[in-house]
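A quick write-up on the structure given underneath.
The values are calculated or read from the model by the stated rules, or taken from the named source; none is laboratory data. Model, not experiment: these values are computed from the prediction. We place every Cβ from the backbone using ideal geometry, glycine too, and count neighbours over all the protein chains shown.
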Amino acid sequence: MTNNHNNSHNHINSNIEQRMQQLLTELQLDDAPAGGSLAVYQVGKCIAQASVGMAQAGVEWGPNALSLNFSTGKGVIATLVHVLVSQQLLDYATPIASYWPEFAANGKAEVTLRALMSHQANLFAITSIETDSDTLLDWEVMLTKVAAMPMTKPDDFQGSAGRNVDEAAARGSYVSAYSALIYGWILGGLVEAVTDMSLAAALRYYLTEPLGIADSCYFGVPADKVNDVATLVKDFATSDSATVNLINPDSNQRSKRRKPVLKADSEQTLNTYANLPSYSCWQQLSAEYKLAPNNSKLNSTQINRLYFDHSQLNLKNYKAALIPTSQTPIDYYDTRALQAVLPAVNGVASAKALATIYAMLANGGEWHGQTLINPATFAQLSTPQVSGMDAVMPTNMDWRLGYHRLVQLCQDGPLCQENAQGFGHMGYNGSVAWCDPTRQLSFAFVHNFDVTMLNDIRQFALTEALLSMID
């Protein structure tokens, strides 16, 4: 088997690469030595890659560095499913229970793959399953539990009329409910049912080997690769992450995992933002939406709110989707968690691997002479299925089959219009991978900054900048 991207550096666009490297370096902000990597493909070729900072103590970031990317991996498993649809092993309109009979329990007999992948199946509440940390990391036990779980209707819309609130939400209903955790077990179980392979084997056979990225994209990191995954800076001092005890965190040799800590932006960070190419657009929108005083420097929170309207966050739905009943939170960077199969949340891949997957999608399912996804399947997966306020994410996600809209504001119109054609998936930590088929363009950004997508702006700044450079 040939690795299709080993020589892709020959196609680098020096102007775009230099600019993206400059932006990524500037966006390290005050978080050194943490950093990240990005990769850009167009027409099937890598045209830019950039890296900054340290992936581990003494290990610099590079485009092939493995990274935990949380829900960005949802786009990977969705793409695998589309390959199986193209191979006629699956069908979007067929009930999941037709392939997986146990899934019919508790009123789910008619739930289709299309409904699940567009987050319209009311299968989002991890709180409807009794779990503990051991259970969540046990693939077979979780497949049994999700097959038996009930559907859960999201709590009705409770917010005020905001800029992203559509009529359906204003009437008290949502059009979708993002399945932040459950989604991965259902899709993974379905893949195993129709391929008669483990999810890891199916991912490799149907997607990553054909793309030449089998050594850099995983759900469940192999034992010989787990020490290569980027870690958070606060864990750089830990030489043996395998000693971490998930069940009794107080016995850990390193500090107990905590949520990212919000910190005020420094003056240098505010000045960095002010020099970004999308800043004038952000200023205009911030003034229009009254998010910041006139002529003040925009901070991370104010800019992020342009993309996610935090005032519309429904905490009841958000917690139901993202916070299991387990009293002990999982440290997803721990060796045991990295080696577990949690496809909705623990996707591990390099920037180049993710950008390669989306480069294939940007080319309509074709990759270097291979058809991984046929035109009819691609037309379905790339078409928005539902538009309106999501019950879990505080915005209109414009769900395709397994991908959301390209979350972008500032390039296509006089005042920050969104790109209707681009799609992809972001992760909890603000990693992202997407494609724009109209430009045959793909982009991936991964990192080890200790932030979340709701308090960081890097993915948005990099996306806006790249689109401003590409015809």
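Of all residues in the range 202-217 being under 16 Å from Gln87 (Cα atoms) and free of Cβ contacts under 8 Å to residues at least 12 places away in the same chain, which is surrounded by the fewest Cβ atoms within 10 Å (Cβ to Cβ)?
Filtering the range 202-217 for residues that are under 16 Å from Gln87 (Cα atoms) and free of Cβ contacts under 8 Å to residues at least 12 places away in the same chain, the one surrounded by the fewest Cβ atoms within 10 Å (Cβ to Cβ) comes out as Tyr205.
From the list Ser14, Ser8, which one is modelled with pLDDT under 95, farther than 27 Å from Ala337 by Cα and either in contact with a Lys or Arg (Cβ under 8 Å, 6 or more places away or on another chain) or among the charged types (D, E, K, R) (or both)?
Selected residue: Ser8, the only one of Ser14, Ser8 that is modelled with pLDDT under 95, farther than 27 Å from Ala337 by Cα and either in contact with a Lys or Arg (Cβ under 8 Å, 6 or more places away or on another chain) or among the charged types (D, E, K, R) (or both).
What pairs can you find where one residue is in the range 447-468 and closer than 17 Å to Phe70 by Cβ, the other is among the charged types (D, E, K, R) and surrounded by fewer than 24 Cβ atoms within 10 Å (Cβ to Cβ), and their Cβ atoms are less than 6 Å apart, with a gap of 6+ or different chains?
Phe449/Asp31
Which of the residues belonging to the range 87-112 are surrounded by fewer than 21 Cβ atoms within 10 Å (Cβ to Cβ) and either of a type in the set (S, T, N, Q) or touching a residue at least 60 places away in the same chain (Cβ under 8 Å) (or both)?
Of everything in the range 87-112, those that are surrounded by fewer than 21 Cβ atoms within 10 Å (Cβ to Cβ) and either of a type in the set (S, T, N, Q) or touching a residue at least 60 places away in the same chain (Cβ under 8 Å) (or both) turn out to be Gln87, Gln88, Leu89, Tyr92, Thr94, Ser98, Tyr99, Trp100, Asn106, Thr112.
Of the residues Ser326, Ser296, Ser311, which is touching a residue at least 60 places away in the same chain (Cβ under 8 Å), surrounded by fewer than 23 Cβ atoms within 10 Å (Cβ to Cβ) and outside any helix (DSSP H, G or I)?
Sole residue among the options that is touching a residue at least 60 places away in the same chain (Cβ under 8 Å), surrounded by fewer than 23 Cβ atoms within 10 Å (Cβ to Cβ) and outside any helix (DSSP H, G or I): Ser326.
Can you find a residue in the range 170-179 that is under 25 Å from Arg305 (Cα atoms), modelled with pLDDT of 95 or more and of a type in the set (A, V, I, L, M, F, W, C)? Step through it out loud before you land on a result.
Residues of the range 170-179 under 25 Å from Arg305 (Cα atoms): 170-179.
Remaining after also requiring modelled with pLDDT of 95 or more: 176-179.
Cutting the leftovers down to of a type in the set (A, V, I, L, M, F, W, C) gives us 177.
Taking every residue of the range 170-179 in turn, at least one turns out to be under 25 Å from Arg305 (Cα atoms), modelled with pLDDT of 95 or more and of a type in the set (A, V, I, L, M, F, W, C).
If you check Glu167 against the conditions, is it at pLDDT below 95, out of contact with any strand residue (DSSP E or B) (no Cβ under 9 Å at 6 or more places or on another chain) and acidic (Asp, Glu)? Outline the logic, then answer.
Details: at pLDDT below 95: yes; out of contact with any strand residue (DSSP E or B) (no Cβ under 9 Å at 6 or more places or on another chain): yes; acidic (Asp, Glu): yes.
Here the answer is yes, as Glu167 does meet what is asked.
Which residues, taken from the range 74-127, are polar (S, T, N, Q), over 18 Å from the mean Cα position of the chain (by Cα) and outside any helix (DSSP H, G or I)?
Listed by number, the residues that qualify are Gln87, Gln88, Thr94, Thr112, Gln120, Asn122.
For the list (1) farther than 20 Å from Pro63 by Cβ; (2) in contact with a His (Cβ under 7 Å, 6 or more places away or on another chain), I need the number of the one condition that Gly212 fails.
(1)
Taking the condition in a strand (DSSP E or B) and not basic (Lys, Arg), does Val40 pass?
yes
For Lys290, work out the one condition from (1) free of Cβ contacts under 8 Å to residues at least 40 places away in the same chain; (2) within 30 Å of Ala177 (Cβ to Cβ); (3) buried (at least 16 other Cβ atoms within 10 Å of the Cβ) it doesn't fulfil.
Result: Lys290 fails condition (3) only.
State the number of residues belonging to the range 182-203 that are closer than 12 Å to Ala78 by Cβ and over 19 Å from the mean Cα position of the chain (by Cα).
Adding up the residues that qualify gives 2.
For Ala115, state whether it is within 30 Å of Trp434 (Cα to Cα), among the small types (Gly, Ala, Ser), surrounded by 17 or more Cβ atoms within 10 Å (Cβ to Cβ) and touching a residue at least 40 places away in the same chain (Cβ under 8 Å).
Numbers: within 30 Å of Trp434 (Cα to Cα): yes; among the small types (Gly, Ala, Ser): yes; surrounded by 17 or more Cβ atoms within 10 Å (Cβ to Cβ): yes; touching a residue at least 40 places away in the same chain (Cβ under 8 Å): no.
So Ala115 does not fit the description; no.
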